[in-house]
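Enquirer: One structure is given below, represented as structure tokens, and several questions about it will come after.
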2 protein chains.
Amino acid sequence: MYRTHTCGQLRLADAGAEVTLSGWVQRVRKLGGMTFVDLRDRYGITQLAFDSENDAALCEQANSLGREYVIQVDGKVIERTSKNSKLATGDIEIAVSRLTVLNSSEVPPFTIEDNTDGGDDIRMKYRYLDLRRSCVSHNLLLRHRMTMEIRRYLDSMNFVEIETPVLIGSTPEGARDFVVPSRMNPGQFYALPQSPQMFKQLLMVAGFDRYFQIVKCFRDEDLRADRQPEFTQIDCEMSFVEQQDVIGLFEGMAKHLFKTIRGIELTEPFMQMPWSDAMRLYGSDKPDLRFGMQFVELMDILKGHGFAVFDNAAYIGGICATGAATYTRKQLDQLTDFVKRPQIGAKGLVYARVEADGNVKSSVDKFYTQDVLQQMKAAFDAKPGDLILILSGDDVMKTRKQLCELRLEMGSQLGLRDKNKFACLWVVDFPLFEWSDEEGRFMAMHHPFTSPKPEDIPLLDTDMGAVRANAYDMVVNGVEVGGGSIRIHDKQLQNKMFELLGFTQQRAEEQFGFLMNAFKYGAPPHGGLAYGLDRWVSLFAGLDSIRDCIAFPKNNSGRDVMCDAPAPLEPKQLDELNLVVDIKEKK
Amino acid sequence: MYRTHTCGQLRLADAGAEVTLSGWVQRVRKLGGMTFVDLRDRYGITQLAFDSENDAALCEQANSLGREYVIQVDGKVIERTSKNSKLATGDIEIAVSRLTVLNSSEVPPFTIEDNTDGGDDIRMKYRYLDLRRSCVSHNLLLRHRMTMEIRRYLDSMNFVEIETPVLIGSTPEGARDFVVPSRMNPGQFYALPQSPQMFKQLLMVAGFDRYFQIVKCFRDEDLRADRQPEFTQIDCEMSFVEQQDVIGLFEGMAKHLFKTIRGIELTEPFMQMPWSDAMRLYGSDKPDLRFGMQFVELMDILKGHGFAVFDNAAYIGGICATGAATYTRKQLDQLTDFVKRPQIGAKGLVYARVEADGNVKSSVDKFYTQDVLQQMKAAFDAKPGDLILILSGDDVMKTRKQLCELRLEMGSQLGLRDKNKFACLWVVDFPLFEWSDEEGRFMAMHHPFTSPKPEDIPLLDTDMGAVRANAYDMVVNGVEVGGGSIRIHDKQLQNKMFELLGFTQQRAEEQFGFLMNAFKYGAPPHGGLAYGLDRWVSLFAGLDSIRDCIAFPKNNSGRDVMCDAPAPLEPKQLDELNLVVDIKEKK
């Protein structure tokens, strides 16, 4: 037996007990004739004491231990003379009588401490050592507790977890699939699911009523900081429901998680904000409501006073940053640079300070009378000491998105985005279609199975852009943590959607034929939602990237640098798959 | 709101309540002026009553309903005059006041009943309809309850569920990998995991102490009835454990499942049978212990009496089938045909009946005196009315395996393999290596990380075939439901293993380098186990194939006949992946 207790278990009440512990050497300290070793495992740290007067050879053995050695000790639990209140085991130590080295360790390439000296690249290469740091392993323990609670909640609500296949058919529409060549079916390929969307709808046709699955999904996209080629979805679907049923149930799940994991009791229903309001007031379909700074449109007030930039604008709008009138010229210049960065793309920034006497002092004073500026101040309900920041542009949506970035930046600068504060809402009434300049046509904003609002169905023939969907996203702190929709269960309406989206009959048949076929045999009304597990965990762990809540993430080139994947295949493997690699020169 | 109750919920106590139900039309029956509709959902069946005297139009509407229509009804719960005790809702029916057809249905291609008229192929093509049959959906509900209980148990034992990557590196050793071309890394491929073996070992190096994951694994093999290209494993690993620790914990999990899912309390420890005994007594490393019929070796008794077949045999052994002396000549001929089938490959079968007077009458009487036959009878402890069946051959292991097949067949014929009876055991002390005639060398019986028994380590240099492993399989009713081993955590020993298995230093480095590297930094002693979820569910559901406990299985060619995958890709997709399909003519 390697141990009688873990390194996080022993307390003062255990004093006198003979115990055996195993773990890693975190640190060795010599103090006079004593040697102290911090022994670490997942559960905690226990101090080992070696007394050279008592057993010089044993103490010498302890002195020779290196960091990260794996050892086993026998000894007696004794009360510490100087207790450590920061440690759960801090009242005791082990007077060691026997020490066995189970495995030695080379010196790790970075220190196994929360504040490590290891950079990102080396930590990823030696991820198994990085994961020893409690600040990283904590995220995975949190992830486990969250999935346990998610399953507990959904099971209590009669949801059934059903595994859908990983090797499925490819659907060239939408994002790019990862594909898997089939050896048994030469020249043919499986695809890895971007989501189990069609299978969960089939499960509703099959009568399972309430389905969920915590499931890996795959998307072959060029990666950004918060994207991974494989990610985990909490995928759910329900039958005989309307939008409010789905929202109620999954709001309940969010509240269950906040309560059980973070100890936060959210008693009020979450706000439901129409997409058009979210865009108008925050320039985003995932507004961060931890702080106000709602947009105020200023076209009526600021247009037509001779300032050409505004006079020619399709949109003029601003935010009011409470108490930020103290911003220096340098800070304002930095904000101007911020909005002019190519990722944001604004032409410039107009600002106005509300001074102590109530007067407004702006960067465009020569065009505006104090009277007009006071009207503007009133529109913001701005107070002395506040700073008004204004953007304009010739594209309403683009300018709103720029103003959104500015708002978030100001929220950060003013400390209004506390990671331990949570603002949850539903964004509802999304447009069913969005115009694609690239394709020159309307595309499905979510997917082609999303149901239009019944009252908007007549608009399908007259004003596609105005049709609203029975679709909803949950947003927490500016992060879209999940979203879903009521699906179309009527095959006529579904066919019409395919037609509107420019699918030929044949192409719709090829790609979605089995779903359309299924709908012939009594599909129930249904709808669902998918939450991003990685995002939920990041949010609860206070992480900036999803990467640190994933055990073995990939880098921005989709590589696992630890096990050096992907890699070339053996010629025999390619041969069996009837494939030839033919790398084209980059154009 | 689509419903106030499910179709399995209402009882006599609800009589008088106004309710709304939704579901599928299972059956419409006309009886005098009444029409009765069985309304079905996942939760049960509720009878709807329509009275033509009361509302002729509504009754007419009910009469026009087809099977599998999706409907919604409002009505009042009333007590039935003729109750149905087979139905949980059998005391009540709904006097319907309003009927809405939510969706119509074409006539399904087979009947949605437990005893369906649909063959295997059509049921797979229309799997979403097949899944409506309660005998099929029941398996998936069972699967869900089992995974919930597995997680509950492992969580209570401090196991952490950690997701390991699905896109990993390919290891050409072992079974064939499914591979995934990487667009971002031209000419390179990921592989799908055959198991998360190396990752779970890395998680032990990372200090997670107790890991589990219910996870999809992939193997590109030619498929048999009980194999699927993707299957689900309950994958587990523990640190600071010896074999008995792992066995104890996972025996606990099995007992937890038997208790919570099947209501069977198993209080005794499972038998632990050395592999050599299993082979000697049952000719199998997964003996079905629901019945006895242990092998008895007969070399000493039957050799050297002039019967050339036995005299030249390397093995003579038999089983005693209690009470089967009544077998007719025809039945015995069928048994002979059974063992001579090419899949089994025996040359013939010798039988002997113990007659009422205690005399033994055999098919080889001319070679043996009654005295010898009585010695044989004594060796089996056979009684009057018993049937002794004997095989022989020139390869001990092969003949034992043939005798194993005969034993299982006799068990089935004599009704000794009751699906509601469970016989669990551990097979232990597996050989570390097995000889491969094909490769002309010893191969790892499990995988190259399996630890030899410490006392057998000296044999590595002198008698590889005799080295036993710290490996163990759990066997239930002749099915290997899981297995595992204590791993090597010492890099010297691991290197020696690679050497013995014929890996060059370079090849070992290429394939397992990152694991070997990890072992330099303090790997704890560790070991684990993987259970086959599909097999556990099949066992508890009493299924002959794992296919019916999988929502969307593939056929023996690895095809999903419902969504017709795999399929050819679009040229653009191949192009982006730098691949050309080149199908060779079959030789």
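Enquirer: Which residues, taken from segment B:234-272, are surrounded by 22 or more Cβ atoms within 10 Å (Cβ to Cβ) and not in a helix (DSSP H, G or I)?
Expert: Passing the criteria: B:Ile234, B:Asp235, B:Cys236, B:Glu237, B:Met238, B:Ser239, B:Phe240, B:Val241.
Enquirer: When the residues of segment A:567-587 are filtered to those that are in contact with a Lys or Arg (Cβ under 7 Å, 6 or more places away or on another chain) and assigned to a loop (DSSP other than H, G, I, E, B), which remaining residue is farthest from the other protein chains (Cβ to nearest Cβ)?
Expert: A:Leu577
Enquirer: For segment B:29-121, which strands (runs of 3 or more DSSP E) that fit wholly inside it have 1 or more residues that are out of contact with any strand residue (DSSP E or B) (no Cβ under 7 Å at 6 or more places or on another chain)?
Expert: Because the criterion is at least 1 residues that are out of contact with any strand residue (DSSP E or B) (no Cβ under 7 Å at 6 or more places or on another chain), the strands (runs of 3 or more DSSP E) in segment B:29-121 that meet it are B:44-51.
Enquirer: Oh, and also: Please name all residue pairs, on different chains or six or more residues apart, with Cβ atoms under 6 Å, provided the first residue is in segment A:96-122 and is farther than 28 Å from A:Asp51 by Cβ and aromatic (Phe, Trp, Tyr) and the second residue is in a loop (DSSP other than H, G, I, E, B) and modelled with pLDDT of 95 or more.
Expert: Correct list of pairs: empty, since none qualify.
Enquirer: Provide a single number: the residues in segment B:161-178 that are of a type outside the set (Gly, Ala, Ser), within 7 Å of chain A (Cβ to nearest Cβ) and over 25 Å from the mean Cα position of the chain (by Cα).
Expert: Looking only at that region, the number is 3.
Enquirer: Which one of these does A:Gly118 not meet: (1) farther than 30 Å from A:Gly16 by Cβ; (2) modelled with pLDDT of 95 or more?
Expert: Checking A:Gly118 against (1) farther than 30 Å from A:Gly16 by Cβ; (2) modelled with pLDDT of 95 or more, the one that fails is (2).
Enquirer: Scan segment B:553-560 and tell me whether some residue there is more than 10 Å from chain A (Cβ to nearest Cβ) and in contact (Cβ under 8 Å) with a residue 24 or more places away in the chain. Can you show your working first?
Expert: Keep residues of segment B:553-560 that are more than 10 Å from chain A (Cβ to nearest Cβ), which gives B:555.
Still in the running and in contact (Cβ under 8 Å) with a residue 24 or more places away in the chain: B:555.
Looking for residues that are more than 10 Å from chain A (Cβ to nearest Cβ) and in contact (Cβ under 8 Å) with a residue 24 or more places away in the chain, one finds at least one in segment B:553-560, hence yes.
Enquirer: Turning to a different aspect of this structure: Within the bounds of segment B:396-413, is there any residue that is farther than 30 Å from B:Asn470 by Cβ, among the polar types (S, T, N, Q) and surrounded by fewer than 19 Cβ atoms within 10 Å (Cβ to Cβ)?
Expert: Checked against the condition, which is being farther than 30 Å from B:Asn470 by Cβ, among the polar types (S, T, N, Q) and surrounded by fewer than 19 Cβ atoms within 10 Å (Cβ to Cβ), segment B:396-413 yields at least one hit.
Enquirer: Another question, if that's okay. Restricting attention to strands (runs of 3 or more DSSP E) lying wholly within segment A:454-550, give those where 3 or more residues are closer than 28 Å to B:Arg3 by Cα and free of Cβ contacts under 8 Å to residues at least 24 places away in the same chain.
Expert: none
Enquirer: Just a yes or no: is a residue in segment A:27-48 of a type in the set (Lys, Arg) and either over 44 Å from the mean Cα position of the chain (by Cα) or farther than 28 Å from B:Met516 by Cβ (or both)?
Expert: Looking through segment A:27-48, at least one residue is of a type in the set (Lys, Arg) and either over 44 Å from the mean Cα position of the chain (by Cα) or farther than 28 Å from B:Met516 by Cβ (or both).
Enquirer: Looking only at segment B:520-529, count how many residues are within 34 Å of the chain's Cα centre (by Cα) and within 14 Å of another protein chain (Cβ to nearest Cβ).
Expert: 5
Enquirer: Looking at segment A:130-151, which of the residues that are without any contact (Cβ under 8 Å) to a residue 24 or more places away in the chain and farther than 30 Å from A:Tyr211 by Cβ is farthest from the other protein chains (Cβ to nearest Cβ)?
Expert: That would be A:Cys135.
Enquirer: Might you let me know whether segment B:96-110 holds any residue that is more than 13 Å from every other protein chain (Cβ to nearest Cβ), crowded, with 16+ Cβ neighbours inside 10 Å and within 32 Å of the chain's Cα centre (by Cα)?
Expert: Restricting attention to segment B:96-110, the residues satisfying the condition of being more than 13 Å from every other protein chain (Cβ to nearest Cβ) are B:96-99.
If we keep only those that are crowded, with 16+ Cβ neighbours inside 10 Å too, we end up with B:96, B:99.
Restricting the remaining residues to those that are within 32 Å of the chain's Cα centre (by Cα) gives none.
No; the residues of segment B:96-110 include none that is more than 13 Å from every other protein chain (Cβ to nearest Cβ), crowded, with 16+ Cβ neighbours inside 10 Å and within 32 Å of the chain's Cα centre (by Cα).
Enquirer: Among the residues of segment B:173-231, which ones are outside any loop (DSSP other than H, G, I, E, B) and hydroxyl-bearing (Ser, Thr, Tyr)?
Expert: The initial filter retains those residues of segment B:173-231 that are outside any loop (DSSP other than H, G, I, E, B), namely B:179-181, B:189-191, B:197-205, B:210-218, B:230-231.
Residues satisfying the conditions are B:Tyr190, B:Tyr211.
Enquirer: Count, please, the residues in segment A:195-249 that happen to be of a type in the set (Phe, Trp, Tyr) and either under 18 Å from A:Arg535 (Cα atoms) or modelled with pLDDT under 95 (or both).
Expert: Taking segment A:195-249 and keeping what is of a type in the set (Phe, Trp, Tyr), we get A:199, A:208, A:211-212, A:218, A:231, A:240.
Narrowing further to those that are either under 18 Å from A:Arg535 (Cα atoms) or modelled with pLDDT under 95 (or both): A:212, A:218, A:231.
Counting residues in segment A:195-249 that are of a type in the set (Phe, Trp, Tyr) and either under 18 Å from A:Arg535 (Cα atoms) or modelled with pLDDT under 95 (or both) gives 3.
Enquirer: Filtering segment B:183-214 down to residues that are among the hydroxyl-bearing types (Ser, Thr, Tyr) and either in contact (Cβ under 8 Å) with a residue 40 or more places away in the chain or more than 7 Å from every other protein chain (Cβ to nearest Cβ) (or both), which residue is surrounded by the fewest Cβ atoms within 10 Å (Cβ to Cβ)?
Expert: Step by step, filter segment B:183-214, then rank; the result is B:Ser195.
Enquirer: Within segment B:473-495, identify whether any single residue is surrounded by fewer than 20 Cβ atoms within 10 Å (Cβ to Cβ), among the hydrophobic types (A, V, I, L, M, F, W, C) and on the phi < 0 side of the Ramachandran plot, and answer yes or no.
Expert: Yes, segment B:473-495 contains at least one residue that is surrounded by fewer than 20 Cβ atoms within 10 Å (Cβ to Cβ), among the hydrophobic types (A, V, I, L, M, F, W, C) and on the phi < 0 side of the Ramachandran plot.
The values are calculated or read from the model by the stated rules, or taken from the named source; none is laboratory data. Treat the numbers as computed from the prediction; the structure is a model and nothing was measured. Cβ: placed from backbone, ideal geometry, glycine included. Neighbour counts: every protein chain shown.
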